[in-house]
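Structure first, then comments.
The values are calculated or read from the model by the stated rules, or taken from the named source; none is laboratory data. Predicted model only: the values in this text are computed from it and were never measured. Every residue, glycine as well, gets a Cβ built from its backbone with ideal geometry; the counts of neighbours run over all protein chains shown.
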Amino acid sequence: MTDLAEKKEPTDEEAMARFQNGDVGAFDFLLHQHSAAILRFIMNMVTVNKSNAEDLLQEIFMKVIENRKKYDSNRKFTTWLYTMARNRCIDYLKAEKHRRYSSLDAPLNSETSDGPVKLEIVRSKEKNQEEKMMNKEIRAILNTGVENLKEEFREVFLLREIESLSLKEIADITNVPIGTVKSRLRYAYLNLREIFIQAGYFEEGQIAKGV
Amino acid sequence: MNCEKFEELLIDFIEGEIEPSDIELVKKHLAACQNCSKKVDEFKEIRKVINGDTHPEPSPEILARLSRIAREELEKDNVPFWRKWFYSPILVPVLSTGLALFIWISNGQKDVEYGPDDAIYSTKVMAKKMPMAQEPNFPGVREEAVSNLESNQGPLLSEEPVSAPPLASGKKSRIEEGTTARSGEPAPAKEMIAGRGVKEDHEYSRHRDEFSDKLEAKAIEERASEPKIEAEEEAFEVGSLAKGRSGETEVQGFQEVKQRSNIPTSYTYTETTYKDKLDLGLKQQKEGNCEASIKTNEELLNLTPPPTDPVKGKAYLSLGECYEQMGEWEKAVSNYKNLEEISPEQAAFAVEKIEYIRRQTRLLKQ
């Protein structure tokens, strides 16, 4: 954001105001600025393949187009945008709840059981390769961990750590007090840590550190 | 600071939103508690992983599609509202329904109208068409009227063709029924109407509040006041029909009247008859057949009614000339004298002729 301001590009709010007045270029700018982040948020939030996530992405930006007149430019644009994205994701999750719960147990179990074995193999590799593999491995664990977070923890965690929104904004988007956002964020971290410990990562890391 | 208190501040610490007053306490605790410092390291590790994570970019097709949709939506803003309406699927059904309604309202019910005036009209028509006692749909009134009539004029319904021959041959038998009803009934019916006029108030006072009765009363009033002539006609008809009750005798009567009127003159003459006669006489005179001409002209003059003066004049002239030619001077003179009287234009000629004949006769006598 600050980078954009320095380059004298319009802020999101200005761009949105211009779009409201019929400037299509302003919409293209907003699309360019936020489409990737929203897609990322969707994919983390509802854990679907890219094609499905893009469908949702399109729906969300269609809502931006449809509801452009309703947007109050005094409000932060990202708050408005992420509120719509988050609501759409929650609706999607509600609709997909059964499928999601039945399909999620299996990968989690295999992941936890396979984890240590893979880590052993990883340790035997060269350092560069090892790090690459470690990163890949860690990301898999992280993704699994995020997937298995409860919805309210997950959205807060994603908005904070991946989308880098402020706690205040997250409170607005999720419609809860900042204190609740903080505690949810802490629970999210603690849950993820548990998963990493279960995967044997932090024990190993600790040992490595210790050594 | 214990570990529980630290955990509450953990997020603030990681996020850098911790109160300056708490920073020292947290640092102190972290230095003392290996467990908590490990947690912070792990959280930072997680964050590092997350930030190093790569995520797919949305495909350009999606972005292009969204951009196009936005363009189209903005163009809709510039479309005037009536064009939106013009192309909307609402317009066609609304217009067609409106058109159908318009046609229906303006044309649909023209033949059948049920206004209050029409109700009056139809009642009037019925009152005219039907004998009073046969008027339908006024149950109470009708019975009352009938009994009233019966007490005044004797049994009326008994004269009605209640046991009339069944309507076997449609129109014809209906006509017959009509004639019987007419010949049998008109007088009582008329009297009944007259009686009604007098007793109307009494009869209808009970039912005055009913609309239908008002209508009927109106109809009766009109009927009672309006057709005096009709009544006379009826009387005449009754009189003539009284002579012979059937249609056959009526026709005979008519023929008799016709014959009677023809008796005084066995021939009827028109203008052309006089003209033909005169032409024949003149033609006979020209041909030299004076006797025939005289006969024809005298017949002409003897016709009743007598011919017009110009025709008479021509006949007298012709006669005069014929008698003169034949040497019957006296008759010629008398005819010329008649000509002189009747035709002022030829009076001079007639006088001249008479003087000429007298001179001739004087010469002949001398």
Which pairs do you get when a residue that is closer than 22 Å to A:Met45 by Cβ, found in region A:66-85, comes within reach of a residue that is among the basic types (Lys, Arg) and modelled with pLDDT of 85 or more, reach meaning Cβ atoms under 8 angstrom, with the pair 6+ apart or on two chains? A:Met84/A:Lys63
Has region B:275-288 got at least one residue that is hydrophobic (A, V, I, L, M, F, W, C), modelled with pLDDT of 85 or more and surrounded by 19 or more Cβ atoms within 10 Å (Cβ to Cβ)? no
Identity of the residue in region B:322-351, acidic (Asp, Glu) and exposed (fewer than 13 other Cβ atoms within 10 Å of the Cβ), that ends up modelled with the highest pLDDT: B:Glu330
Hits in region A:19-37 (condition: surrounded by 18 or more Cβ atoms within 10 Å (Cβ to Cβ), within 9 Å of chain B (Cβ to nearest Cβ) and over 11 Å from B:Leu63 (Cα atoms)): A:Phe19, A:Ala37
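Assess whether A:Val46 counts as being modelled with pLDDT under 85 and among the aliphatic types (A, V, I, L, M).
Numbers: modelled with pLDDT under 85: yes; among the aliphatic types (A, V, I, L, M): yes.
So A:Val46 fits the description; yes.
Look through A:Leu81, A:Leu149 and report the one residue that is modelled with pLDDT of 85 or more, within 30 Å of A:Gln20 (Cα to Cα) and surrounded by 13 or more Cβ atoms within 10 Å (Cβ to Cβ).
Details: A:Leu149 fails: within 30 Å of A:Gln20 (Cα to Cα).
None of the others qualify; the one that does is A:Leu81.
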